[in-house]
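Take a look at the structure below.
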Number of protein chains: 2
Amino acid sequence: MQYADQLKNLGTETAFAVSAQARAWAAKGHKVYPFHLGDINLATPENIVDATLKGIRDGKTGYCPSEGILPLREALAHDVGSRRGISFGPENVSVQPGGKPTIGKFIAAVMNPGDEVLYPNPGYPIYESQIEYQGGRAVPYNYVQTDSGFDIDMDKLKASISDNTVAIIYNNYQNPISAESSQEEMEAVAQLAIEHDLWVLTDDAYYEMIYKGEARSIAALPGMKERTVILYTFSKKYAMTGWRVGGSIGPEKIIKIISKLNVNAESCTTHFIQDAMVEALTGDPSGAQSILNTLRDRRDAAVAGLNAINGINIPTPRSTFYLFPNVNEIMARKGYNKIDQLQLGALENANVSFCTRDHFGRPQAGETDFFIRFAYSGISVDDINEGMAQLKSYFESK
Amino acid sequence: MQYADQLKNLGTETAFAVSAQARAWAAKGHKVYPFHLGDINLATPENIVDATLKGIRDGKTGYCPSEGILPLREALAHDVGSRRGISFGPENVSVQPGGKPTIGKFIAAVMNPGDEVLYPNPGYPIYESQIEYQGGRAVPYNYVQTDSGFDIDMDKLKASISDNTVAIIYNNYQNPISAESSQEEMEAVAQLAIEHDLWVLTDDAYYEMIYKGEARSIAALPGMKERTVILYTFSKKYAMTGWRVGGSIGPEKIIKIISKLNVNAESCTTHFIQDAMVEALTGDPSGAQSILNTLRDRRDAAVAGLNAINGINIPTPRSTFYLFPNVNEIMARKGYNKIDQLQLGALENANVSFCTRDHFGRPQAGETDFFIRFAYSGISVDDINEGMAQLKSYFESK
């Protein structure tokens with residue numbers, strides 16, 4: 001019996017290996033400071049839990065439409081549209097079991113084998129994996145470090161577009177680097193998409209994880225609504241990563257295709273959870289606000305802790321729950337030339353677990369800087385402070 | 001902007017059109033007798049609902065492993081194994097968001113473009129759709145009507161195997177025809193798989209919907225465990241079609257591949273629902289027994305109602321919740337030559353809604369018999385009796 005040839009192009013999330021290391025270290029009796037997890041150790045708001053139980057009791061336990069229940073599609077169209085200044089109706093929404101399914105289904109809807117799709121690197125590793133698994137060519141675009149964070153390397157992005165390019169994946173409020181486009185940069189990306197007639201997938205997983213000010217969407221720029229699919233997820237805002245509910249939002253024709261893929265892949269997203277998401281979007285918002293406040297406190301503690309380390313200097317990101325410090329000086333001090341040495345060293349000497357640049361897409365030729373990634377969504381302020389103190393001691397030693 | 005070429009080979013479940021017709025007829029003020037739905041209008045057992053709420057309160061709301069939580073994989077390995085006389089461990093189980101995801105992921109794991117996969121026709125329409133969408137050739141095998149039900153046309157099945165055949169999809173306790181293999185037939189299918197070194201996907205969605213006696217699994221036959229993936233679902237047994245939880249169970253290597261597909265497709269299945277499924281498998285089984293008893297009463301009423309119609313004569317199936325009567329005589333009496341005429345006529349003249357053979361895979365050249373499909377899982381015994389009386393009157397009139 002054979003296995004499919006195409007599986008050789010199927011990637012994964014290598015960060016699971018870091019989790020395994022952390023678990024193994026904890027099993028030896030060490031208290032581990034978990035900065036490697038992009039998960040949230042906070043409770044889902046109570047009104048959502050109540051609505052879930054009510055949905056089950058009301059018999060929302062049978063099949064529902066593959067595209068999602070109408071009340072949720074209406075609520076998502078209104079919520080996502082009004083937060084972006086775009087008019088959407090339920091025909092623009094396909095409910096999904098999480099944020100991630102939109103990635104694979106978007107690519108399945110627009111890409112033929114051999115086509116090229118631009119994607120951010122460092123970036124969420126599933127972009128690269130799904131493009132290549134589905135037979136396309138994953139063409140990375142990169143970022144340049146600035147005083148205030150990271151900018152897209154627009155020259156490289158422009159130079160990477162070919163006659164075979166069909167789509168660009170754009171992740172403003174970016175995982176893992178917390179990059180945020182200026183208005184000018186966002187307009188430049190949109191201009192490229194329009195000029196070359198490209199589809200755009202905007203991964204808006206962190207669109208509402210903004211600690212100050214407003215979010216801006218590329219889908220709202222002129223000429224963009226008709227070529228843009230928004231990846232929406234409830235996972236972060238409501239601390240419900242394990243519930244698996246989200247949506248694909250975009251032009252009616254591609255949304256119909258995505259819903260037909262739903263029919264084939266999983267029938268529908270959990271019925272009573274969809275019912276509860278109407279409450280999440282239209283009910284008491286104080287639970288989500290409280291989650292954001294807690295994460296802001298953690299951000300401030302984590303940024304302060306990192307900047308207290310001699311050799312690390314990062315700005316305070318306005319969004320996401322990730323920090324992506326450059327650790328060139330630490331690596332030089334330690335005499336390390338592989339980032340894994342620092343990652344394992346921090347676990348074993350400071351009990352601090354984190355991911356590195358290498359967990360977020362294939363490293364590119366010519367990269368000389370070293371970066372590590374901290375997530376502060378799964379660790380309390382007290383533990384952030386303790387962990388950072390231990391890390392300082394390890395990073396500052398030779 | 002383009003759409004992917006391969007979408008032209010993506011099928012769907014055409015039975016949704018029947019649901020739309022029934023809804024439209026009901027909206028005109030008619031009471032519709034819904035025999036078209038493969039859904040269950042019974043409550044999920046209370047102990048499962050309680051366990052779900054407990055899981056949420058216990059914080060099972062974050063990500064969990066893509067392959068599923070260990071306690072559920074252990075419970076599934078034990079339950080599925082012991083009901084089939086096979087020894088499985090957690091390494092043989094990949095939890096899925098429903099039964100359906102196993103179909104697409106199994107095909108993705110074993111089939112290359114151009115390969116052939118044998119599948120039952122009439123059968124669940126997603127087999128055909130997923131094989132063709134993923135670039136394979138869907139090669140149907142069929143059934144012959146007997147006094148006791150349906151037998152697989154083994155001559156045609158044998159003749160359909162070529163050097164390009166890589167797998168056979170087998171659905172004992174079959175949707176839509178309720179076919180059940182004799183020991184001899186099951187052994188003959190297994191023999192073909194072994195002889196031609198084929199993978200087998202056994203769709204066991206109805207394996208525990210047996211009204212009398214025991215179920216038997218092809219995976220338990222000699223030489224089969226190492227080439228068989230079992231599609232397991234909680235949907236039918238516990239009346240939880242809308243919860244979306246099931247599993248792929250089979251050899252460790254292919255299960256690892258399927259779990260890697262999970263990482264790429266949807267991260268994981270809803271965490272607290274997995275937690276509750278441990279209770280479903282190991283806790284009080286009386287809820288599931290009560291669901292089965294109710295469905296048995298409905299089966300008996302539906303079989304009696306159909307057999308009271310002049311021109312219909314069906315045996316009583318031991319499993320599933322479907323009936324698949326031959327309606328040649330009714331069609332002749334009505335002077336119809338398209339099964340849609342009878343389907344629409346029954347809705348508009350008897351308020352009875354059902355699917356037809358045409359909703360279960362592409363009809364084959366040379367088919368001369370007419371079949372319709374009744375599901376009795378979403379309709380009470382009283383309504384079955386009322387609906388069947390109206391249907392009798394319509395079917396017996398010229």
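Dividing the summed -39500 (n - 2.57) terms of all DSSP H runs of n ≥ 4 by the residue count of chain A sets its mean residue ellipticity at 222 nm at -12500 deg cm²/dmol. Put in order of Cβ neighbour count within 10 Å, fewest first, the listed residues A:S129, A:S182, B:S94 become A:S182, A:S129, B:S94.
Taken over the protein assembly as shown, the ratio of Cα radius of gyration to 2.2 N^0.38 Å equals 0.99. Annotation note: trypsin sites (Lys or Arg not before Pro) in the range A:203-298 located in DSSP loop regions with a Cβ neighbour count of at most 14 within 10 Å are A:K212.
The distance between label points at B:D300 and B:E214 comes to 2.5 nm (points 7 Å beyond Cα on the Cα→Cβ vector). Each of B:M240, A:M186, A:M154 was scored by other Cβ atoms within 10 Å of its Cβ. Listed from fewest to most, they are A:M154, A:M186, B:M240. With its label point defined 7 Å out from Cα along the Cα-to-Cβ axis, B:E252 lies at 5.3 nm from the matching points of the other copies, in increasing order.
Using alpha-carbon pairs under 8 Å, 6+ residues apart, how would you state the relative contact order of chain A in percent? So the answer I get is 25 percent.
Of the DSSP H helices in chain A, those with a Cα length along their own long axis of 15 Å or more and a mean Kyte-Doolittle hydropathy reaching -0.5 comprise A:15-27, A:46-57, A:70-82, A:183-195, A:252-265, A:271-282, A:286-307, A:339-350. Here the spin labels are modelled as points 7 Å beyond Cα on the Cα-Cβ line, and at A:S290 and B:S148 they lie 6.2 nm apart. Label point of A:N313 set 7 angstrom out along Cα-Cβ; within the range A:130-162, amide nitrogens under 16 Å from it belong to A:145-150. Summary of the geometry: the range B:37-73 and the range A:283-348, compared by the centres of their Cα atoms, lie 34 Å apart. Lysines within cross-link reach of B:K225: Cα-Cα under 30 Å, excluding same-chain residues under 8 positions apart? Leaving aside lysines fewer than 8 places away in the same chain, those within reach of B:K225 are A:K8, B:K100, B:K105, B:K156, B:K158, B:K212, B:K236, B:K237, B:K253, B:K256, B:K260. Placing a label point 7 Å from the Cα of B:Q183 along the Cα-to-Cβ direction, the distances to the matching points in the other copies come to 8.0 nm, shortest first. Taking the DSSP bridge list for the range A:1-160 and keeping only pairs wholly inside it, about 40 percent are antiparallel. Among the trypsin sites (Lys or Arg not before Pro) within the range B:1-49, those in coil by DSSP and having at most 14 neighbouring Cβ atoms inside 10 Å are B:K28, B:K31.
When B:E46 is represented by a point 7 angstrom out along its Cα-to-C-beta vector, the spacings to that point in the other copies are 2.5 nm, nearest first. Could you name the lysines in cross-link range of B:K398, using Cα to Cα under 24 Å and dropping any fewer than eight places away on the same chain? Excluding near neighbours in sequence, the set is B:K31, B:K334, B:K338.
Evaluated with a Cβ-only charge set (Lys, Arg +1; Asp, Glu -1), the range A:47-282 carries a dipole of roughly 800 debye about its Cα centre, given to the nearest 20. Beta bridges assigned by DSSP with both partners in the protein assembly as shown are antiparallel in approximately 50 percent of cases. Neighbour counting of Cβ atoms within 10 Å sorts the residues A:M277, B:M388, fewest neighbours leading, into B:M388, A:M277.
With each label modelled as a point 7 angstrom along the Cα→C-beta vector, the A:L70-B:K334 pair spans 2.9 nm. Ranking A:G223, A:Q134, A:H271 by Cα position along the charge dipole of the range A:47-282, where only Lys, Arg, Asp and Glu carry charges on their C-beta atoms, puts A:H271 farthest toward the positive end.
Bridge orientation summary for the range A:47-282: considering DSSP beta bridges with both residues in this region, about 40 percent are antiparallel. Summary value for the range A:47-282: 31 percent relative contact order, contacts being C-alpha pairs under 8 angstrom separated by 6+ residues. Given in Å, the Rg to one decimal and the Dmax to the nearest whole number for the Cα atoms of the range A:54-125 are 16.0, 49. Scanning chain A for GluC sites (Glu not before Pro) that sit in a DSSP loop and have at most 16 other Cβ atoms within 10 Å, the longest stretch containing none of them is A:1-213.
Only the coordinates and a few stated rules stand behind these numbers; no lab work does. Quick caveat, the model's predicted, so the values are computed rather than measured. Note that we place each Cβ from the backbone using ideal geometry, even for glycine, and neighbour counts take in every protein chain shown.
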